[in-house]
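Colleague: First the structure, which I've put down as structure tokens, then a few questions once you've had a look.
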Amino acid sequence: MADIIKLLPDAVANQIAAGEVVQRPASAVKELLENAIDSGATEIQLFIKDAGKTLIQVIDNGCGMSDTDARMSFERHATSKIRNAEELWQIRTKGFRGEALASIAAIAQVELKSRLLDQELGTRIVIAGSKIELQEPCSTAGGTSVAVKNLFFNTPARRNFLKSDPVEMRHIIEEFERVALAHSSVSFSMLHNGSELFNIKASQLRQRIVNMFGHRHNERLVPVGEETAIVSVSGFVCKPEFSKKTRGEQYFFVNDRYIKNGYLHHAVVSAFEDLIARDAHPSYFIYLKLDPASIDINIHPTKTEIKFAEERSIYAIIRSAVRNSLGKYNISPSLDFEQEAIFNIAPLPANVSVAPPDRKDYDFNPFDKGGSPSTFAGAVRTNAGSNSRLSTKGWENLYDATQTDPVATQQALQVKVTTPIEELERIVFQLQRKYILTQIRSGMVVIDQQRAHERILFEKFMKSLERQQASSQQQLFPETLELSPADHALITDLGEDLKKLGFTIDSFGGDTIVVNGIPAIASDVPVQMLIDSLLEQYKHSANELQSNTHSRLALSMSRSVGIKEGKELAQREMIDIIDSLFACEQPRLTPLGKPIVVTLTIEELDKKFKT
């Protein structure tokens, strides 16, 4: 039998490696930015065209490369960061694997220009599909410029799997933010299709966060700091009241490298215990400094996951540091005891005296036929609210008796509105401001008021998105909102669908929008709160609802404007929810398949009481 195992050609091996390292344009952006950081650059520029599909270019003012180094940088496993296996445990740089440029060059057309700072001429290399097409001397600025054109040009199947430009652009912005947050001493700029998205100068960490996420973050940040022999913890957490439904602004950095770690995330969440809702997520920017020998960063191709030698100790230190910061800055849950309405009475003015109660006549009998009409009227006044059944004798003189008593006049003039018979027959009441209970022939029905209203609104918004019939409430004074670049890109992506729901949103330049109109059904919700909630819910739904944009947007809107548990409902409101719910196409389940209605039959209740 002939031998069947063969070595793969370098071009094929590079394309396979590219599948691990370069999954989308954002992956290439991350690798190029990290190489620029490792070069010692203090200024880095990022140029993007068509969400990275046409062009990704990174220009830095770092140390640059010689002719030989520029050529060797495109070889697999070629790196300047390490020399032997022992140095893997002392890594403080980023692009040490030596795969990034080789992988990118295997699936794109790359042009590199680089010049050492002490040289007059640099070198220019053009490479496509791992094949060197040109290498020549050139005149260029000190540092390095890498332009990646036509990503996945020779792997069309991979290119077809890319999402829309706004989606891919959001991923690029996320990677840019992670690198920029890890290196606040470096200036960064970013342009997309000629429009400037970021231009942030070197600054302190707090100012870097504010510059990237908006001025509103300045008041939200609480500093965190802890020095131990194992790890140094620094950074910021956001105040509990600014927690979100999604895990958007949650950043861990280890030795200036962004990482993902669910175990350490739990440490921060547990520090916020009793301060935020169970389904809410705190925002944080936490930086860890520790000995490189105590971590292993070589377990994942993109190096976003690492292993810690003393993970449990670091967990306890982070939790304690965050908890201490929240306590130090007096951020603790407020005591909010529920109060009976009867005690919620405003005090009397200081100059008003309290009149003593009328002397009770123990010998009075309202059923005594000898009683005068005026005496009977007085009994009505002094015994208002009594459960005793009074005689109706002298009712025609009741009006006369109330002429000198305004309280009695108000009681006498109260008008009782007659309830329709069909509503009287419907027994509906609210339990714990969370459930609606009503009677049916076979027993009773328990309805989750929040889920029921969300189902009603979900189907309403879906019809609006399909038929474009939503009514809009125009703002008397349009509201201007400043968004983060990622949120602005998301609003732009959803523009047409938001218009179908009743939003009227215009761009005001940069990352600012002007809201001229909102859906009529959400007219009572503040505009800033509505937009923030909508964006957070939409991002959160990506992890829950693997469906099209319309379904995610309808779900996000229904959650943003729907009633919540804890809201007290009037009888009419409960009846309307019941009627609207059972008029839905799917009244018993939420869009995510959770139950809305629970039926308890008489037989089930009887079983509970059997001995």
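Colleague: If we scan segment 470-489, do we find a residue that is of a type in the set (D, E, K, R), without any contact (Cβ under 8 Å) to a residue 24 or more places away in the chain, in contact with a strand residue (DSSP E or B) (Cβ under 8 Å, 6 or more places away or on another chain) and not in a helix (DSSP H, G or I)?
Modeller: Going through segment 470-489, the residues of a type in the set (D, E, K, R) turn out to be 479, 482, 487.
Pick out the ones that are also without any contact (Cβ under 8 Å) to a residue 24 or more places away in the chain and you get none.
Scanning segment 470-489, I find no residue that is of a type in the set (D, E, K, R), without any contact (Cβ under 8 Å) to a residue 24 or more places away in the chain, in contact with a strand residue (DSSP E or B) (Cβ under 8 Å, 6 or more places away or on another chain) and not in a helix (DSSP H, G or I), so the answer is no.
Colleague: Considering each of S139, S114, S145, S103 in turn, give the residue that is open to solvent by 50 Å² or more (accessible area, probe 1.4 Å), within 18 Å of V58 (Cα to Cα) and of a type outside the set (F, W, Y).
Modeller: Values: S114 fails: open to solvent by 50 Å² or more (accessible area, probe 1.4 Å); S145 fails: open to solvent by 50 Å² or more (accessible area, probe 1.4 Å); S103 fails: open to solvent by 50 Å² or more (accessible area, probe 1.4 Å).
Criteria check complete, one pass: S139.
Colleague: To continue, here is another question. Somewhere in segment 455-467, is a residue of a type in the set (G, A, S), in contact with a Gly (Cβ under 9 Å, 6 or more places away or on another chain) and either open to solvent by 40 Å² or more (accessible area, probe 1.4 Å) or modelled with pLDDT of 75 or more (or both)?
Modeller: As a first pass, look at segment 455-467 and keep what is of a type in the set (G, A, S): 464.
Still in the list and also in contact with a Gly (Cβ under 9 Å, 6 or more places away or on another chain): 464.
Okay, now just the ones that are also either open to solvent by 40 Å² or more (accessible area, probe 1.4 Å) or modelled with pLDDT of 75 or more (or both), so 464.
Yes, segment 455-467 contains at least one residue that is of a type in the set (G, A, S), in contact with a Gly (Cβ under 9 Å, 6 or more places away or on another chain) and either open to solvent by 40 Å² or more (accessible area, probe 1.4 Å) or modelled with pLDDT of 75 or more (or both).
Colleague: Do we find that L535 is in contact with an Asp or Glu (Cβ under 6 Å, 6 or more places away or on another chain) and either modelled with pLDDT under 90 or among the basic types (K, R) (or both) in this structure? Spell out how you get there, then give the answer.
Modeller: Working: in contact with an Asp or Glu (Cβ under 6 Å, 6 or more places away or on another chain): yes; either modelled with pLDDT under 90 or among the basic types (K, R) (or both): yes.
Answer is yes for this residue.
Colleague: Just need a number here: residues in segment 244-277 that are out of contact with any helix residue (DSSP H, G or I) (no Cβ under 8 Å at 6 or more places or on another chain), under 23 Å from D291 (Cα atoms) and among the small types (G, A, S).
Modeller: 1
Colleague: Another question, then. Assess whether I531 counts as being part of a helix (DSSP H, G or I) and either within 21 Å of the chain's Cα centre (by Cα) or among the small types (G, A, S) (or both).
Modeller: Working: part of a helix (DSSP H, G or I): yes; either within 21 Å of the chain's Cα centre (by Cα) or among the small types (G, A, S) (or both): yes.
In short, yes.
Colleague: While we're looking at this one, here's another question. Identify all residues within segment 163-189 that are open to solvent by less than 30 Å² (accessible area, probe 1.4 Å) and touching an Asp or Glu at 6+ places or on another chain (Cβ under 6 Å); write none if there are none.
Modeller: Scanning segment 163-189 gives A182, S187.
Colleague: Which one of these does S580 not meet: (1) closer than 21 Å to Q475 by Cβ; (2) assigned to a helix (DSSP H, G or I); (3) not β-branched (V, I, T)?
Modeller: (1)
Colleague: Still on this structure: Pairs only if they're at least six apart or on different chains, beta carbon under 9 angstrom, first in segment 174-191 and free of Cβ contacts under 8 Å to residues at least 60 places away in the same chain, second assigned to a strand (DSSP E or B); list them, first residue then second.
Modeller: Once the first residue is free of Cβ contacts under 8 Å to residues at least 60 places away in the same chain and sits in segment 174-191, its partners that are assigned to a strand (DSSP E or B) give A180/I44; A180/F188; A180/M190; A180/F198; A180/I200; S184/I200.
Colleague: Of all residues being over 29 Å from R220 (Cα atoms) and among the hydroxyl-bearing types (S, T, Y) in segment 273-307, which is modelled with the lowest pLDDT? Just the residue, please.
Modeller: Per the stated criteria, the residue is T302.
Colleague: So V12 clears everything in (1) in contact with a helix residue (DSSP H, G or I) (Cβ under 7 Å, 6 or more places away or on another chain); (2) at pLDDT below 90 except one condition, right? Which one?
Modeller: Going through the list (1) in contact with a helix residue (DSSP H, G or I) (Cβ under 7 Å, 6 or more places away or on another chain); (2) at pLDDT below 90, V12 breaks only (1).
Colleague: Mind checking which residues of segment 190-206 are under 20 Å from A41 (Cβ atoms), open to solvent by 20 Å² or more (accessible area, probe 1.4 Å) and outside any loop (DSSP other than H, G, I, E, B)? Give the steps one after another, and end with the answer.
Modeller: Going residue by residue through segment 190-206, those that are under 20 Å from A41 (Cβ atoms) are 190-191, 196-205.
Of the ones still in play, those that are also open to solvent by 20 Å² or more (accessible area, probe 1.4 Å) are 191, 196-197, 199, 201-205.
If the condition is that a residue be under 20 Å from A41 (Cβ atoms), open to solvent by 20 Å² or more (accessible area, probe 1.4 Å) and outside any loop (DSSP other than H, G, I, E, B), then L191, E196, L197, N199, L205 are the ones that fit.
Colleague: Restricting the search to segment 273-284, which residues are over 12 Å from I318 (Cα atoms) and of a type outside the set (G, A, S)? Please lay out each step first, then the result.
Modeller: Step one: filter segment 273-284 for residues over 12 Å from I318 (Cα atoms), giving 273-283.
Residues satisfying the conditions are E273, D274, L275, I276, R278, D279, H281, P282.
Colleague: Name the single residue that is nearest to N160 (Cα to Cα) among those in segment 31-63 being open to solvent by 10 Å² or more (accessible area, probe 1.4 Å) and of a type in the set (G, A, S).
Modeller: S39
Colleague: A follow-up question, please. Going through segment 490-516 one residue at a time, which ones are assigned to a strand (DSSP E or B) and not charged (D, E, K, R)? It would help to see each step written out before you state the result.
Modeller: Taking segment 490-516 and keeping what is assigned to a strand (DSSP E or B), we get 504-507, 512-516.
Those that are assigned to a strand (DSSP E or B) and not charged (D, E, K, R): T504, I505, S507, T512, I513, V514, V515, N516.
Colleague: Taking segment 468-488 as the search range and keeping residues that are of a type in the set (S, T, Y) and over 21 Å from A554 (Cα atoms), which one is modelled with the lowest pLDDT? Even if it seems obvious, please write down each step before you answer.
Modeller: Kept after step one, since they are of a type in the set (S, T, Y), are these residues of segment 468-488: 471-472, 480, 484.
With the extra rule that they be over 21 Å from A554 (Cα atoms), the set shrinks to 480, 484.
Values: T480: 90, S484: 82.
Checking each candidate, the answer is S484.
Colleague: In addition: Does segment 127-166 hold any residues that are farther than 21 Å from S39 by Cβ and in a strand (DSSP E or B), and which are they? Lay out the reasoning, then the answer.
Modeller: The initial filter retains those residues of segment 127-166 that are farther than 21 Å from S39 by Cβ, namely 128-134, 136, 149-166.
Within segment 127-166, A128, K131, I132, E133, L134, E136, K149 meet the criteria.
Colleague: It is to be established whether one or more residues within segment 259-272 are modelled with pLDDT of 90 or more, out of contact with any Phe, Trp or Tyr (no Cβ under 7 Å at 6 or more places or on another chain) and open to solvent by 40 Å² or more (accessible area, probe 1.4 Å).
Modeller: The answer is yes, given that some residue of segment 259-272 is modelled with pLDDT of 90 or more, out of contact with any Phe, Trp or Tyr (no Cβ under 7 Å at 6 or more places or on another chain) and open to solvent by 40 Å² or more (accessible area, probe 1.4 Å).
Colleague: Continuing with this model, one more query. Restricting segment 570-586 to residues that are aliphatic (A, V, I, L, M) and under 17 Å from S558 (Cβ atoms), which is least open to solvent (accessible area, probe 1.4 Å)?
Modeller: At the first step, the residues of segment 570-586 found to be aliphatic (A, V, I, L, M) are 570, 574-575, 577-578, 581, 583.
Adding the requirement that they be under 17 Å from S558 (Cβ atoms) leaves 577, 581, 583.
Details: I577: 16, L581: 0, A583: 82 Å².
Going through the qualifying residues, I end up with L581.
Colleague: If a residue has to be part of a loop (DSSP other than H, G, I, E, B) and either at pLDDT 90 or above or surrounded by 13 or more Cβ atoms within 10 Å (Cβ to Cβ) (or both) to count, how many in segment 587-611 make the cut?
Modeller: Taking segment 587-611 as the starting set, the residues that turn out to be part of a loop (DSSP other than H, G, I, E, B) are 587-588, 590-594, 596, 609-611.
Adding the requirement that they be either at pLDDT 90 or above or surrounded by 13 or more Cβ atoms within 10 Å (Cβ to Cβ) (or both) leaves 587-588, 590-591, 594, 596.
Total meeting the criteria: 6.
Colleague: List the residue pairs whose Cβ atoms are under 6 Å apart, where the first residue sits in segment 433-451 and is at positive phi, the second is open to solvent by less than 10 Å² (accessible area, probe 1.4 Å), and the two are 6 or more positions apart or on different chains.
Modeller: Correct list of pairs: empty, since none qualify.
Colleague: Can you find a residue in segment 224-242 that is crowded, with 21+ Cβ neighbours inside 10 Å, in contact with a Pro (Cβ under 8 Å, 6 or more places away or on another chain), within 15 Å of V322 (Cβ to Cβ) and among the aliphatic types (A, V, I, L, M)?
Modeller: Taking every residue of segment 224-242 in turn, at least one turns out to be crowded, with 21+ Cβ neighbours inside 10 Å, in contact with a Pro (Cβ under 8 Å, 6 or more places away or on another chain), within 15 Å of V322 (Cβ to Cβ) and among the aliphatic types (A, V, I, L, M).
Colleague: For segment 561-610, what are the residues that are among the hydroxyl-bearing types (S, T, Y) and touching a helix residue (DSSP H, G or I) at 6+ places or on another chain (Cβ under 6 Å)?
Modeller: Step one: of segment 561-610, the residues among the hydroxyl-bearing types (S, T, Y) are 580, 590, 599, 601.
Scanning segment 561-610 gives S580, T590.
The values are calculated or read from the model by the stated rules, or taken from the named source; none is laboratory data. All of these numbers come straight from a predicted model, not from anything done at the bench. Counting neighbours? That spans all protein chains shown, and the Cβs are built from the backbone with ideal geometry, glycine included. The protein model used for the area step is the full one, side chains on, heavy atoms only, and it has no ligands, DNA or RNA in it. Shrake-Rupley method; radii C 1.70, N 1.55, O 1.52, S 1.80 Å.
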